[in-house]
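What follows is a set of notes on a single structure, which appears directly below.
What follows is calculated from the coordinates using simple rules that are stated; it is not laboratory data. In this text the structure is predicted, and so the values were computed from the model without any measurement. Reconstructed Cβ throughout: ideal geometry from the backbone, glycine too, with neighbour counts over all protein chains shown.
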Amino acid sequence: MLVVMRSGATEEEVERVARTIRRMGFTPHVIPGANRTAIGITGNSGPVDPHPLEGLPGVAQLIPVTKPYKLVSREFHPRPTEVGVGRAVFGDGSFQVIAGPCAVEDEAGTLRTAEYLASLGVRAFRAGAYKPRTSPYAFQGLREEGLKILESVREKFGMAIVTEVIDVETLPAVEECADMLQIGARNMQNFSLLRRAGKSSRPILLKRGMSATLEEWLLSAEYILNEGNPNVVLCERGVRTFADHTRNTLDLSVIPTVKTISHLPVIADPSHGTGRRAYVPPMSKAALACGADGLLVEVHHDPDNAISDGAQSLSLQDFKTLYEELRHLSEALGRKM
Ligand code: PEP
Ligand code: MN
């Protein structure tokens, strides 16, 4: 439920409503607005009894919130959330590109790719040090050694580091190195990891699960916000469908849908979304056109010999071409890049 206060309601009146909500066993969230303050209620498992609230001084209206997610909803937070990651800001109307290889494979290759991306003006570098792999025999990542390489990328080129965290045990090490923690598709419903991410001081990039509905995805984000971390960026990375011409089906229609019901920034990952490098540029431009706050793109200095996800990785030259096209398109659309 949302308690909307009259314009001109006093601080004491707002506090009295908050106190009453706490006495009812729930948590109040005061949402200041340009004209009036609203107070959201969380912690209820069913409908909230309106009686203790409706007669309180200063209360204008009680609006039931029927959706199960609350803190991530536009109703609770009408203005878009802006998430700063180094020099990149997601959600301020600009278009931000996170780029880099699927995994940190070695120091030389990582630095080479990073240097090139930095020279183009890319502000956020991605690469997994801990890799969640389908097969236990596949490359699992360089782990701590990978994190050290990522730290040197930030030091040398000033890019923010976005890297995946795969479990609660290794989260502190990743948190120390990264500017943004990525929670991958396979972990979207790892609730203990989500809760721990909610206690982190780092922003979280939350990928959509392979077969997650929008509601399930938003409820996963709700776990993070509910623990006190408001800095979540959603990432659409394709879902499983019957279609087999691409690795996944990049669901771009979810981008404008997220924007209408949530205040969180949302970006697209056309690399995992298509699985084929030829389709990454067109879908990247489509993501910009449909209102995404940015992109996550896999780029490798030698894609044909990449240890993971080479088929969907752009070469440095192909990425440059795409980046230039995105610049032109963003200008035409009035979006800063
Ligand atoms: C990745 O970004 O490299 C990755 C593993 O992504 P996803 O969780 O979307 O499969
Ligand atoms: Mn990958």
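Brief remarks on what is shown
- Charge sum, other residues only, whose C-beta stays under 11 Å from LEU206's C-beta, Lys/Arg counted +1 and Asp/Glu -1: +1
- When +1 charges are put on Lys and Arg Cβ atoms and -1 charges on Asp and Glu Cβ atoms, the dipole computed for the chain relative to its Cα centre reaches about 600 debye.
- Per-residue Cβ neighbour counts within 10 Å put CYS290, CYS177, CYS102 in the sequence CYS290, CYS177, CYS102, beginning with the fewest.
- Gyration tensor (alpha-carbon) shape descriptor, segment 291-330, a/c threshold 1.5: oblate
- The chymotrypsin sites (Phe, Trp or Tyr not before Pro) of segment 183-268 that meet both conditions, a loop assignment by DSSP and at most 14 other Cβ atoms within 10 Å of the site Cβ, are PHE242.
- Segment 233-337: C-alpha gyration tensor shape, a/c 1.5 cut-off, then a/b vs b/c: oblate
- Here the gap between THR241 and ASP318, fully extended at 0.36 nm per residue and compared with their Cα-Cα distance, gives a gain of 24.9 nm.
- Think of each Lys and Arg Cβ as +1 and each Asp and Glu Cβ as -1; about the Cα centre, that makes the dipole of segment 2-63 roughly 60 debye.
- Here's the picture: a label point sits 7 Å out from the Cα of ARG143 along the beta-carbon direction, and within segment 173-190 the residues with their amide nitrogen under 18 Å of it are 173-178.
- Fraction of beta bridges assigned by DSSP in the chain that are antiparallel (%, nearest 5): 40 percent
- Theoretical ellipticity at 222 nm over the chain - DSSP helices of four or more residues, -39500 (n - 2.57) apiece, nearest 500: -10000 deg cm²/dmol
- The smallest convex shape that holds all Cα atoms of the chain, its convex hull, gives 139 Å³ per residue.
- If you take all other residues with their beta carbon under 15 Å from the beta carbon of LEU234, and give Lys and Arg +1 and Asp and Glu -1, the sum is -3.
- The magnitude of the dipole of segment 146-210, with charges of +1 and -1 set on the Cβ of Lys/Arg and Asp/Glu and taken from the Cα centre, is near 260 debye.
- Candidate membrane-span-like segments in the chain, meaning DSSP H helices with Cα atoms spread over at least 15 Å of their own axis and a Kyte-Doolittle mean of 0.0 or above, are 107-120, 214-226, with no membrane implied.
- Inter-part distance, segment 131-176 to segment 213-289, computed on C-alpha centroids, equals 22 Å.
- Residues with amide H under 5 Å from that of ARG74, placed H, sequence gap 5 or more: SER262, HIS263
- Long-range amide H partners of GLY294 with built H, under 5 Å: GLN96, ALA268
- Segment 1-75: C-alpha gyration tensor shape, a/c 1.5 cut-off, then a/b vs b/c: oblate
- Net charge contributed by nearby residues that have their C-beta within less than 10 Å of ALA160 (K/R +1, D/E -1): +3
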